[in-house]
Amino acid sequence: MSARHDYAERELPAFFAVPSGCWIWIGWAGRGGYGRWTKRGPDRKRHAHVVVWEIFNGPVPDGYELDHLCRVRPCVNPARLDPVPKLINLHRRNLANGWRRRSGGGRGSGRSRGDRHGFT
Ligand SMILES: [Zn+2]
């Protein structure tokens, strides 16, 4: 019934551009804060940023994944995404994590509730 429900059902790209140049996905968020393309259908498990990147650039090469150069997870701007071999992406991520010393490590710790925006 809500507008929020509506765009998820239509399965259209839903994002807005912010002044920093990021395109922030507002369609459907999956685990870890990455955008989800849709909540149902064959593309349901795909990250929104991957789908948008493929629209512009074609399929992501096998064994590669898209690294966010801007480190903004919900960002889907293809210009900010860099296809890198999975191993390197992991490595980069570790470096970034160590550097920032983020506390409360991601995975299932449930600390993400607090930084939700009130989307009412
Ligand atoms: Zn970005």
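The values are calculated or read from the model by the stated rules, or taken from the named source; none is laboratory data. These numbers come from a predicted model, not from an experiment. Cβ: placed from backbone, ideal geometry, glycine included. Neighbour counts: every protein chain shown.
Worth a mention:
- Filter result for ARG100 (under 22 Å from GLY21 (Cβ atoms), exposed (fewer than 10 other Cβ atoms within 10 Å of the Cβ), out of contact with any Leu (no Cβ under 6 Å at 6 or more places or on another chain) and modelled with pLDDT under 75): yes
- Failed item, numbered, when GLY21 is tested on (1) farther than 20 Å from HIS91 by Cα; (2) modelled with pLDDT of 90 or more; (3) away from the ligand (no atom under 12 Å from the Cβ): (3)
- Residues of the range 61-72 satisfying the condition of being more than 8 Å from the ligand (Cβ to nearest atom) and surrounded by 16 or more Cβ atoms within 10 Å (Cβ to Cβ): GLU65, LEU66, ASP67
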